[in-house]
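What follows is a single structure, written as structure tokens, with notes after it.
What follows draws every value from the coordinates through simple rules; no lab data is involved. Quick caveat: nothing in here was measured; it's all calculated off a predicted structure. Neighbour counts run over all protein chains shown; Cβ positions are idealised from the backbone, glycine included.
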Amino acid sequence: MLQVDEIREIIEMVDKSSLTEFSYEANGAVIAMKKNTGSVTTTVQTQPQITAEPQAPSVQKPQPEASAQTETKAEETPQASADYDYEIVSPMVGTFYASSSPDSDPFVTKGSAVNTNTVVCIVEAMKLFNEIEAETNGEIVEVLVENGELVEYGQPLFRVKKK
């Protein structure tokens with residue numbers, strides 16, 4: 001059986017990671033965690049050990065919902081996947097803003113031309129507003145997130161057709 005300190009350490013690691021679900025099974029004990037709206041729900045169950053063989057830990061890392069939806073869209077429309085050459089991804093966890101203020105027009109929209117220095121959005125993390133640049137030359141062919149949406153590290157924000 002895991003000690004309380006070990007369980008706390010696992011909870012902290014899962015909370016700090018981009019995992020949305022985690023399960024661990026050892027010595028007849030099962031720990032399952034699932035993140036919901038920023039909080040971590042933990043379930044610990046003890047089961048009588050059926051066999052004397054040690055069980056290997058199992059870790060599940062499902063894709064975030066936004067990525068799963070993006071993959072589904074790409075499968076439904078095969079031409080969409082060939083429609084871009086580059087994805088602008090979030091360099092951090094935070095809140096996506098399409099413009100500098102609620103009254104302003106978005107930095108870029110579908111069809112906007114961008115170059116390496118073009119600011120495409122702002123990601124706010126811990127009250128710091130970070131301007132995200134395109135880092136490539138081309139045209140925005142798809143905006144993948146909504147204004148005010150929480151984004152993860154490495155999550156695609158825009159798709160660009162390079163020129």
note = Within region 110-163, residues closer than 17 Å to residue 85 by Cβ and hydroxyl-bearing (Ser, Thr, Tyr) come out as 112, 116, 118, 136
task = Look at residue 104 and say whether it is in contact (Cβ under 8 Å) with a residue 12 or more places away in the chain and small (Gly, Ala, Ser).
result = no
